[in-house]
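This report refers to the structure that appears directly beneath it.
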Ligand SMILES: C[S@@+](CC[C@H](N)C(=O)[O-])C[C@H]1O[C@@H](n2cnc3c(N)ncnc32)[C@H](O)[C@@H]1O
């Protein structure tokens, strides 16, 4: 059976949950920032996987490691030499010199060796044939890279978007894409859409977006962003460009006013994380914010239920204070009271996502309507 391996992005928990959602029946084993599985996907579908490949060989670490590794590499390169004339190899320094001559002997003509370093996106873009030798527990894995997340695309898209409410960077859009992948549904409703980051990040993986926000003024910015993103995506050769979207002003707490049939959509939203504290919030401030969130989500979830929305993926704020986190503990009970049940991600009912140097993180949950 083939085995595949993926490098997890900066929020490992989210990438794992996303992979599990994308590949329902996949077996997965997570170690040292890697996810190993029996299922293959192109990492570009995801927001949270950085690169991925096939495990084409395994060498147990013992007194014969070197010899076995060299044999395995030589065999693999010889068997695939037609495709590996130009080859990149990422390997520890101790083996680098010998592996270079081995690859030449096996028939590769141009070899790029990275010592104790992984290929970055630039390396991948320049040369699509990379072999990595990676130590995991008592084995060396020989990995042939097959896909690499197009970092350049995401950085450019984020920095060129006409409007933004956040510091620009690749992470914002990738979080949005991961959230979208937590549901299979191709019809998405974001009732707190802000400037439309969710739609911008998922144009190629979803069919339609219904986007609304309480703040009328940001809807125009949102439309400009989505239009810009559509044209940006259309530069990609495998993009069909068929995504549909509508925007309208709406308080998410009172969806009963909405004429649209939302029952076929899943709600996915970054949510509204409340006040953006620039310094660490006090206990009182945290309590106040969580109280506001509790009230808001009681109404939003009740509204979603009224509209017969089956799945809701959303984020609540959590607060990071000197290593100790304050989590919004109300949500399990609240969801159940309204008639939704929380989904478990690797045993927990939430995923914590945070950016560096922030006081407020995303507490990601998914709830499913109970019959
Ligand atoms: C900061 S944005 C979240 C990020 C957003 N996804 C983006 O791409 O910009 C949160 C949005 O929630 C909206 N909001 C807050 N309370 C709301 C409510 N009760 N109903 C609808 N929108 C609300 C705010 O106007 C704001 O635009």
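The values are calculated or read from the model by the stated rules, or taken from the named source; none is laboratory data. Only a predicted model underlies this, so the values are computations on that prediction, with no experimental measurement involved. Please note: Cβ atoms are built from the backbone with ideal geometry, for glycine as well, and neighbour counts cover all protein chains shown.
Taking the criterion of being more than 15 Å from the ligand (Cβ to nearest atom), free of Cβ contacts under 8 Å to residues at least 40 places away in the same chain and crowded, with 17+ Cβ neighbours inside 10 Å, the only residue of region 209-232 that qualifies is 230. Of all residues being at pLDDT 95 or above and not in a helix (DSSP H, G or I) in region 151-186, which is surrounded by the most Cβ atoms within 10 Å (Cβ to Cβ)? Just the residue, please. It comes out as 181. If you go through region 28-41 and keep only what is surrounded by 13 or more Cβ atoms within 10 Å (Cβ to Cβ) and in a loop (DSSP other than H, G, I, E, B), you end up with 33, 38, 39, 40, 41. Within the bounds of region 135-143, is there any residue that is assigned to a loop (DSSP other than H, G, I, E, B) and within 16 Å of the ligand (Cβ to nearest atom)? No; the residues of region 135-143 include none that is assigned to a loop (DSSP other than H, G, I, E, B) and within 16 Å of the ligand (Cβ to nearest atom).
Under the condition of being closer than 17 Å to residue 47 by Cβ and out of contact with any helix residue (DSSP H, G or I) (no Cβ under 8 Å at 6 or more places or on another chain), the residues counted in region 179-201 number 2.
Counted as qualifying within region 250-329 are the strands (runs of 3 or more DSSP E) with 2 or more residues that are without any contact (Cβ under 8 Å) to a residue 60 or more places away in the chain and either more than 12 Å from the ligand (Cβ to nearest atom) or farther than 27 Å from residue 17 by Cα (or both), namely 311-321, 324-326. Does any residue of region 333-344 turn out to be more than 21 Å from residue 255 (Cβ to Cβ) and part of a loop (DSSP other than H, G, I, E, B)? Yes - at least one qualifying residue is present in region 333-344. Of all the numbered requirements in (1) out of contact with any strand residue (DSSP E or B) (no Cβ under 7 Å at 6 or more places or on another chain); (2) part of a helix (DSSP H, G or I); (3) away from the ligand (no atom under 16 Å from the Cβ), residue 240 misses one, and that requirement is (2). May I ask you to verify whether residue 56 is under 25 Å from residue 344 (Cα atoms) and assigned to a strand (DSSP E or B)? No. Could you tell me whether residue 200 is within 15 Å of the ligand (Cβ to nearest atom), at negative phi and more than 25 Å from the chain's Cα centre (by Cα)? Spelling it out, it is not the case that residue 200 is within 15 Å of the ligand (Cβ to nearest atom), at negative phi and more than 25 Å from the chain's Cα centre (by Cα).
May I ask you to list the residues in region 157-183 that are within 11 Å of the ligand (Cβ to nearest atom) and over 14 Å from residue 199 (Cα atoms)? Passing the criteria: 165, 166.
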